[in-house]
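Below is one structure, written out as structure tokens; the observations come after it.
Laboratory data are not the source of any read-out in this text; all were calculated from the coordinates shown. Every value quoted in this text rests on a predicted model; they were computed, and no experiment measured them. Cβ placement follows ideal geometry from the backbone for every residue including glycine, while neighbour counts extend to all protein chains displayed.
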Amino acid sequence: MASPESTLASLGIQLGEPVAPIANFVPTVRTGQLLFVSGQICFRDGKLTHTGQVGTDCSIEDGKAAARACALNLLAHARKALGSLDRIVRVVQVQGFVNAAPGFGQQPAVINGASDLLVEIFGDAGKHSRYAIGVGSLPSNAAVEVAATFEIRD
């Protein structure tokens, strides 16, 4: 199987520089063989890709694209913390938050945008436990926020 870094390259995906936190927290914390990456919203190229509530202001497909952007930001922070994504043994857990319109119940479909990307990059090691919940709002009115935990090797 190809390494995560070579898979990214073959897919033509550029992660770019991770976005610095805008509040009092750090983007990553390592403890033992786990790397926790703080929640990332859908920033790409210095701006939000999708804003508002999924189900009202944007579609499920827009939400999936936002979740994918969040996952790319997770990976950018992981790479910065580790030096290479090849140090990731597996994706342990993904936590997905969808800025959901009242009555919207398709949060799992939205967060699939992040999960599908992680499986595409890491293969079977990208399969993870997960939750996907709807919330009334997110920072900067982002449509989606995603956090993750990775098992890593030295």
Which residues, taken from segment 15-58, are of a type in the set (A, V, I, L, M, F, W, C), buried (at least 19 other Cβ atoms within 10 Å of the Cβ) and assigned to a loop (DSSP other than H, G, I, E, B)?
Cys42
Cβ-Cβ below 7 Å, separation at least six or inter-chain, first residue in segment 41-59 and among the basic types (Lys, Arg), second crowded, with 21+ Cβ neighbours inside 10 Å and in a loop (DSSP other than H, G, I, E, B): which pairs?
none
